[in-house]
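Here the structure comes first, spelled out in structure tokens, and everything after it is commentary.
The values are calculated or read from the model by the stated rules, or taken from the named source; none is laboratory data. Keep in mind it's a predicted model, so treat the numbers as computed, not measured. FYI the Cβ positions are ideal-geometry reconstructions off the backbone, even for glycines, and counts take in every protein chain you see. Remember, those area values only see protein heavy atoms, side chains included, never the ligands or the DNA or RNA. Shrake-Rupley method; radii C 1.70, N 1.55, O 1.52, S 1.80 Å.
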Amino acid sequence: MANILIGVSGGIACYKIPSLCRLFKKEGHDVKVILTDNASKFVTPLTFESVTGNRAYTGEFDPGLDPEIIEHIELAGWADKFIIAPATANTVAKAAQGIADNLLASTLLVYTKPAYFVPAMNTNMFNHPATQNNLRILAERGNILIEPDSGELACGTSGKGRMKEPEELFRLIEGERPLAGLRVLVTAGATVEPIDPVRYISNYSSGKMGLAVALKARELGAEVKIIAGSISADCSGFDTVRVKSAEDMLNAVKENIGSCDILIKAAAVADYAPVEAALQKIKKSEGELVIRLKKNPDILKEIAPLKKHSQVFCGFAAESENLNKNAIRKLNEKKLDMIVANDISRKDIGFGSDDNEADIFFADGSSEHFDKGSKKKLAELILIRAAGLLK
Ligand SMILES: Cc1cc2nc3c(=O)[nH]c(=O)nc-3n(C[C@H](O)[C@H](O)[C@H](O)COP(=O)(O)O)c2cc1C
């Protein structure tokens, strides 16, 4: 059974958390609670002590604490799962910015595994760019966000911000993890092909799609590794191999391919690279500068012979014309199990955007359309379909 640490911050949804504690207790888990000072104005520490059978922690300097133990370090080490519920806008901001001015915030800085954040607040507070930015930072570090529902709020308004009911939270946190035990290798971002020590050829890929796949795969229980080229998204919470050129990416994929069940190749690999990278900066001169390009290795083609019967490989086709025809040709040529085709000529989806719209083509000739939606939703569909193809 697991050690469950629940961090309670000062929102109206505090009153639901004793029920959440009871659900974990009923399952046989050991539950401990840290309350912020503001949370303890909504529900007393005594309530949590009664339902958990453990001391409820409020501050590192509280009387009666064992002087031999440093609470934020002890609790972070103790917890198998750390759930921040409700997570106020204030506590979310502190966690995102690394502020450690109370026991809950300090413990979050010591905790090294992904934590669950359950934001609950007024709709305007939730939608505020500062809150959205802080939540994005937490997600990009690998934490798991459990989004609030829409509906009537305690503050009398209506909109997004209401915390899910304890039963649903419990089910989401304890629930089935369909990728548990699987190893997912994700390539993400753009490759960088040097012209000289200061210039390079690259592309507009932000790495957001690859990171969305990595985040979702971890949320669904998989062990995830990222091979990242140039990437603007933060993948620091993941086991990551950093590469620059297509050649480097090929070598890293070859090195890691043997130990994965599912390969999702979301990186945008340059098709061409300068024949030679100049050792010194190329000086400006009159007239044109001609850079001769050589074809880069086609990673998916090169690794096709290494593919084990038990593995599933998924490619991406970012095209600006003849999308479906090109995607199906790639699927067949590269002996993929599935390919995700998206139209990069559209401004509202693709490179740099948080959304995508795509068609997924499968080796058996079938296909599936994904209507415009978040890259995270598309990532979930890709992973569930890929896992379904495993033999
Ligand atoms: C009645 C009441 C209800 C509140 N509900 C929320 C809430 O649901 N979500 C939230 O982010 N803040 C809420 N606040 C504001 C927080 O309590 C406030 O931002 C506080 O600084 C949070 O501190 P903490 O994160 O350390 O617990 C509420 C305040 C009051 C007085």
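Summary table
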| item | result |
| --- | --- |
| Filter result (more than 8 Å from the ligand (Cβ to nearest atom), open to solvent by 10 Å² or more (accessible area, probe 1.4 Å) and either touching a residue at least 40 places away in the same chain (Cβ under 8 Å) or not assigned by TED's automatic domain parsing to the domain that holds LYS16 (or both)) within region 112-129 | PRO114, TYR116 |
| Some residue of region 166-187 being of a type in the set (S, T, N, Q) and outside the structural domain of VAL269 (by TED's automatic domain parsing) | no |
| Filter pass, ALA267 being out of contact with any helix residue (DSSP H, G or I) (no Cβ under 7 Å at 6 or more places or on another chain) and open to solvent by less than 40 Å² (accessible area, probe 1.4 Å) | no |
| The one condition in (1) open to solvent by 80 Å² or more (accessible area, probe 1.4 Å); (2) touching a helix residue (DSSP H, G or I) at 6+ places or on another chain (Cβ under 6 Å); (3) over 23 Å from ASN251 (Cα atoms) that LYS335 fails to fulfil | (3) |
| Members of region 101-111 that are open to solvent by 20 Å² or more (accessible area, probe 1.4 Å), in contact with a helix residue (DSSP H, G or I) (Cβ under 6 Å, 6 or more places away or on another chain) and within 12 Å of the ligand (Cβ to nearest atom) | LEU108 |
| Pick from region 366-386, criterion part of a helix (DSSP H, G or I) and open to solvent by 30 Å² or more (accessible area, probe 1.4 Å), ranking: farthest from LEU185 (Cα to Cα) | LYS377 |
| Test result for GLY159, at pLDDT below 90 and within 16 Å of the ligand (Cβ to nearest atom) | yes |
| Residues of region 10-57 classified as over 28 Å from GLY151 (Cα atoms), surrounded by fewer than 19 Cβ atoms within 10 Å (Cβ to Cβ) and within 16 Å of the ligand (Cβ to nearest atom), total | 1 |
| Members of region 77-93 found to be near the ligand (Cβ under 6 Å from one of its atoms) and surrounded by fewer than 24 Cβ atoms within 10 Å (Cβ to Cβ), listed by number | ALA89, ASN90 |
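Table: residues versus (1) more than 29 Å from LEU182 (Cβ to Cβ); (2) assigned to a loop (DSSP other than H, G, I, E, B).
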| position | (1), (2) |
| --- | --- |
| ILE282 | yes, yes |
| GLU286 | yes, yes |
| PRO297 | no, yes |
| LEU300 | no, no |
| ALA304 | no, no |
| LYS325 | yes, no |
| LYS330 | no, no |
